[in-house]
Amino acid sequence: MVAIDGVVWTNSPGGLPFLRVETDQCRARLTSYGAQLCEWMPAGESPVLYVSPHAVFATGTPIRGGVPISFPWFASHPTDPSKPAHGFARTRTWQVIEVTRGTTGDVRVVLRLEADDDTRALWASTFTVSLTVSLGATLAMTAEVENVGQEALAFELALHTYLAVGDVEAVSIRGLEGARFVDKVDGGKDKVAGGEPQRIAGETDRVFLDTTATCVVDDPVLARRLRVEKQGSHATVLWNPGRDRARTMRDIGKDGWRGFVCVETANVGPHAVRLAPGARSAMTSQIEVLPLA
Ligand code: TA6
């Protein structure tokens, strides 16, 4: 691959290959393990993605933070609890197809994962999934799935984005007002959001349906606004474990839960995507940092 200014490959202490990007537009870190973006920081900003100080960087373990990819199923497997939560994409090493510098100075990285014997043992379908990441003053991530097999397939997909915030109990999330959601911390009940922004008070695990809306996280502590715009996605997941549940998780630490909120661009549940042989489908999430007006 041609050397690109501001881009180097390194290895994490656990041996994962990391692409480090340092340009006049941003600083970023992405590993081919799970095609997981673990840092994106536009010039002059503090980190936009949260990564737990207790995150494990080793093959076989999902990395807690950044942007894990849930594919081909979301959360627990619907029928077989022995299969890995959130599918296998986040614990496989993806192929790096391309690293280039765009005309606007952004660094563009394309990664791909294809079906093989290991994926077929967990999911019978023949697919390719690619992730295109544009790392600049804004962040764009597009995940595209193609059915390269002979049978129809159906999948769920989420960009399980951990947004870094000053104090999760102080943020408000706009854009989901009036949307229908499944409340996973209330027995999976179907509910409808009120007219006020979402706030995090205790464990929150909500799958908003039929929504293509942009979400805006207002963060008074960091005095900034994170704007998450999306295309090709009909669900948004809002998640934070809260203090008590975080205590049961090995890789979050005592107060880690305060430092993030997951706002996930997704196609899950009733929005699972069905693809005929030869068909493809793309989903994009774009993140921008704005001052808090
Ligand atoms: O997206 C929300 C969620 O599905 C939650 O139910 C929660 O458990 C979270 O993902 C994290 O899952 P993980 O397998 O990474 O611990």
When residues of the stretch 89-99 are limited to those that are away from the ligand (no atom under 12 Å from the Cβ) and under 30 Å from Gly259 (Cα atoms), the one surrounded by the most Cβ atoms within 10 Å (Cβ to Cβ): Ala89
The stretch 157-174, residues that are of a type outside the set (A, V, I, L, M, F, W, C) and in contact with a Lys or Arg (Cβ under 9 Å, 6 or more places away or on another chain): His160, Tyr162, Gly166, Asp167, Glu169, Ser172
Any chance the stretch 66-81 includes a residue that's over 23 Å from Gly15 (Cβ atoms), among the polar types (S, T, N, Q) and not in a loop (DSSP other than H, G, I, E, B)? yes
In the stretch 51-65, the residues that are within 12 Å of the ligand (Cβ to nearest atom), of a type in the set (A, V, I, L, M, F, W, C) and either over 28 Å from His271 (Cβ atoms) or outside any loop (DSSP other than H, G, I, E, B) (or both): Ala55, Val56
Being assigned to a strand (DSSP E or B) and free of Cβ contacts under 8 Å to residues at least 60 places away in the same chain is the filter here; which residues of the stretch 169-191 pass it? Ser172, Arg174, Arg180, Phe181, Asp183, Lys189, Asp190, Lys191
Scanning for something touching a Gly at 6+ places or on another chain (Cβ under 8 Å) and surrounded by fewer than 18 Cβ atoms within 10 Å (Cβ to Cβ), does the stretch 149-162 turn up at least one residue? no
Residue that is nearest to the ligand (Cβ to nearest atom) [pool: residues in the stretch 192-203 that are surrounded by 14 or more Cβ atoms within 10 Å (Cβ to Cβ) and without any contact (Cβ under 8 Å) to a residue 40 or more places away in the chain]: Ala193
With the checklist (1) touching a residue at least 12 places away in the same chain (Cβ under 8 Å); (2) surrounded by 15 or more Cβ atoms within 10 Å (Cβ to Cβ) in hand, flag the one item Gly102 doesn't pass. (2)
In the stretch 30-61, how many residues are within 16 Å of Gly253 (Cα to Cα) and either open to solvent by less than 10 Å² (accessible area, probe 1.4 Å) or without any contact (Cβ under 8 Å) to a residue 40 or more places away in the chain (or both)? 1
Identify, from the list Gly232, Gly259, the residue that is more than 11 Å from the ligand (Cβ to nearest atom), at pLDDT 95 or above and under 21 Å from Phe57 (Cβ atoms). Gly259
Restricting attention to the stretch 231-284, which residues are in a loop (DSSP other than H, G, I, E, B), among the basic types (Lys, Arg) and in contact (Cβ under 8 Å) with a residue 40 or more places away in the chain? Arg250
Any residue at all in the stretch 271-282 that is over 17 Å from Gly65 (Cα atoms), more than 11 Å from the ligand (Cβ to nearest atom), β-branched (Val, Ile, Thr) and crowded, with 16+ Cβ neighbours inside 10 Å? yes
Do we find a residue being of a type in the set (S, T, N, Q) and either over 26 Å from Glu229 (Cα atoms) or assigned to a helix (DSSP H, G or I) (or both) anywhere in the stretch 120-132? yes
Please tell me if Lys189 is farther than 26 Å from Ser125 by Cα, modelled with pLDDT of 95 or more, within 14 Å of the ligand (Cβ to nearest atom) and open to solvent by 10 Å² or more (accessible area, probe 1.4 Å). no
State the number of residues belonging to the stretch 29-47 that are more than 19 Å from Gln95 (Cβ to Cβ) and in a strand (DSSP E or B). 4
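The values are calculated or read from the model by the stated rules, or taken from the named source; none is laboratory data. Since we're looking at a predicted model, the values are computed, not measured. As a convention, Cβ positions derive from the backbone with ideal geometry for all residues, glycine included, and neighbour counts pool all protein chains shown. Areas reflect the complete protein model, heavy atoms only, side chains present, ligands, DNA and RNA absent. Shrake-Rupley method; radii C 1.70, N 1.55, O 1.52, S 1.80 Å.
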